[in-house]
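To keep things clear, I will list the structure first and then write my remarks on it.
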Amino acid sequence: MKLPRIECRDCGRSIAAGLVAGRLTKGRLWRHDPPGRHHQADGALVSCPGSLAIVDLPQPAEQLELISATLAGPDTLTAPLF
């Protein structure tokens, strides 16, 4: 599944945003490092302050619907998806 990419409001990088359960219009930015700095002098990793922020997705996600084979007609099951 390809995740939408959203610009982080703290560092400006384009970061993937995963869906938030129960909120189809919201996503959570994946953890990422700030540009140019991947760890502190003592070796500890540093995350961008915008990591894991909840953001608005560009378009609402859609809940997939399953169609029972007994309720669907033969044309429905063989029809192209696109």
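Computed from the coordinates by the stated procedures, all read-outs in this text should not be read as laboratory data. As the structure is a prediction and not an experimental result, all values here were calculated from the model. Here the Cβ positions follow ideal geometry from the backbone for every residue, glycine too, while neighbour counts run over all protein chains shown.
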Label-point separation, R5 to D33 (7 Å along Cα→Cβ), nm: 1.8
FRET efficiency, 1/(1 + (r/R0)^6) with R0 22 Å, evaluated for L52 and T25 via beta carbons: 0.80
